[in-house]
Amino acid sequence: MTRPYNFAPGPATLPEEVLAQAAAEMLDWRGSGMSVMEMSHRGKEFVSICAQAEADLRELLAVPANFKILFMQGGALAENAIVPLNLSRGGTMDFVVTGSWSQKSQKEARKYGSVNIAASNEGDQHTSMPSPSSWRLSRDATYVHLCSNETVHGVEFHELPDLKALGSDAPLVIDFSSHVLSRSIDWSRVGLAFGGAQKNIGPAGVTLVIVRDDLLGHALPHCPTAFDYQVVADNGSMYNTPPTYGIYIAGLVFQWLKRQGGVAAIEQINIAKAELLYGCLDESGWYVNRVAPNCRSRMNVPFFLPDDRLYEPFLAEAKARGLLSLKGHKSVGGLRASIYNAMPIEGVRALVAFLKDFQARHG
Ligand code: PMP
C-alpha cells in the first residue's frame, strides 16, 4: 500500500523509513527488553539515545561549540515567554513582525519588558519582507526577535540580517520552527534559535533551543527553574524528565537526514520542490500566491483559487487522489501546501499534476 502525501503544516509528515524503524523497535529497543517509552531518562540506554541525537543535530546544523543544544517542552509558544524570561533582563526587546507567529511573540513578550516594533509588514497583509535597512532598531535592545519562516503566511528570510551592520549589538533570536534543518544557518548572526519539533524534526512535544553560552545565566528571578536555560544546560536537558520518546524519534529523523546527504543536500531538494510548485502556480494564471517572490517560503506555500465555490471540490478531489491536508490556515483562508524535508519531490509532482488537472476541468 502506498501512503498518501500529507501536506499538513505540523504535526507533519515524517520519513516513512523513520516510522518503520520506530515500529520495529517499539517493543524492544535493541535487545534492552524495553520500549524507549519505558526507559528511565537517566539509564544508560536513553542517555546514549539523547547524546547521539544531540551530536547528530550539532553536526547537521554545524552548531559551533560555544552554543548549547537544549531539548525542552512547551512548544514554540512557550518560548515566546521563556525567551524574554531569560534574555530580556526587564529591558527593551526589538521585534520584526512578518506574520502571525512573530505577531504572537511580540504580544507575549510585553508581559516581561517593553517591546519596540522595529518593522512590520502588517500593512500589506504579511506578504512582503521589510528591508533590514529600514528597521528601526533600539539602541539598548536586549535582543532582536524575528520568525525566520512564517508558517501561516508563507514568508521566509532567505538571509538572516547582520545586526552589527545595522548598528545593533543585540543578539538575534529566531523562531525557526517551520524551516529548521531545511537550509544551513549562519550562526555568526544568531544568538538563540528555537522551534517546536513537529515539522522538520519529529513529533510534537519536543522544543529545540540552541543558545550561545554568553546568553545563559541572565534569567529573571521569577523565571520558572525548569525554564531557566542555564539550569537546563547544566543538567544536559534533564533537569526535569525530558520528552524521551520525541527525542528518540527526532534522533531517527537526524540519522535519516544524514543518509540523505545532510542539510546541504536536502536544501537543494527543497529548492527544486519549491520551484516546481511556485512555477506551476505562477504559470497557471489561475492559482494565486500573494507573497513577494523574494521572500516566498520554501516550506509553506499558501495559495488561492479564483472562485470560493471551488474550495470544497478541490479538497475532496485532492483527498481522493491521496493528497491530504491542503486547507489553508483559518486566518488566511485558501489553500496551503507544506512541503517540509520529509515530503518527497514525487509528492510535489503529484500535487502539481493534480493542480493542472483541476484547473483544466474547472478553469
Ligand atoms: N512558531 C511557528 C513559526 C510555528 O509554525 C508554530 C506552530 N505552527 C508556532 C510558533 C507554535 O508552536 P507550538 O504550537 O509548538 O507552540
**Report entry** Exclusive hit being open to solvent by 20 Å² or more (accessible area, probe 1.4 Å) and within 16 Å of the ligand (Cβ to nearest atom), set Leu77, Leu85
**Finding:** Leu77
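For (1) over 30 Å from Arg136 (Cβ atoms); (2) not small (Gly, Ala, Ser), each residue gets a yes or a no:
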residue	(1), (2)
Ala51	yes, no
Ala78	no, no
Gly90	no, no
Tyr112	no, yes
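On the given criteria, is Ser102 away from the ligand (no atom under 16 Å from the Cβ) and hydroxyl-bearing (Ser, Thr, Tyr)?
Values: away from the ligand (no atom under 16 Å from the Cβ): no; hydroxyl-bearing (Ser, Thr, Tyr): yes.
Judged against the criteria, Ser102 is not a match.
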Requested in this report: Could you check how many residues of segment 145-161 are over 16 Å from Tyr340 (Cα atoms) and either within 10 Å of the ligand (Cβ to nearest atom) or assigned to a strand (DSSP E or B) (or both)?
Outcome: 3
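Looking at segment 300-322, which of its residues are more than 16 Å from Pro9 (Cβ to Cβ) and aliphatic (A, V, I, L, M)?
Our first condition is that a residue be more than 16 Å from Pro9 (Cβ to Cβ); within segment 300-322, this holds for 304-314, 316-317, 319-322.
Those that are more than 16 Å from Pro9 (Cβ to Cβ) and aliphatic (A, V, I, L, M): Leu305, Leu310, Ala316, Ala320.
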Query raised in the report: Can you spot a residue in segment 34-50 that is modelled with pLDDT of 95 or more, closer than 24 Å to Ala265 by Cα and of a type in the set (S, T, N, Q)?
Result: no
Query - Selected residue (only one of Val352, Val332, Val348 is β-branched (Val, Ile, Thr) and crowded, with 22+ Cβ neighbours inside 10 Å) - result: Val348
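Every residue in segment 1-44 that is in a helix (DSSP H, G or I) and touching a helix residue (DSSP H, G or I) at 6+ places or on another chain (Cβ under 8 Å), please. Spell out the reasoning first.
Here is the first cut: in segment 1-44, the residues in a helix (DSSP H, G or I) are 16-24, 36-38, 44.
Passing the criteria: Glu17, Val18, Gln21, Ala22, Val36, Met37.
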Report task. Tell me which residues, restricted to segment 162-183, are open to solvent by 10 Å² or more (accessible area, probe 1.4 Å), more than 13 Å from the chain's Cα centre (by Cα) and either within 11 Å of the ligand (Cβ to nearest atom) or not hydrophobic (A, V, I, L, M, F, W, C) (or both). Result -> Asp162, Lys164, Gly167, Asp169, Pro171
Query raised in the report: Got a sec? Which helices (runs of 4 or more DSSP H) wholly within segment 184-288 have at least 3 residues that are within 16 Å of the ligand (Cβ to nearest atom)?
Result: 244-259
Query raised in the report: For segment 113-131, how many residues meet the condition of being open to solvent by 50 Å² or more (accessible area, probe 1.4 Å) and either part of a helix (DSSP H, G or I) or in contact (Cβ under 8 Å) with a residue 60 or more places away in the chain (or both)?
Result: 4
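The values are calculated or read from the model by the stated rules, or taken from the named source; none is laboratory data. Only a predicted model underlies this, so the values are computations on that prediction, with no experimental measurement involved. FYI the Cβ positions are ideal-geometry reconstructions off the backbone, even for glycines, and counts take in every protein chain you see. Only protein heavy atoms, including side chains, enter the accessible area calculation; ligands, DNA and RNA are left aside. Shrake-Rupley method; radii C 1.70, N 1.55, O 1.52, S 1.80 Å.
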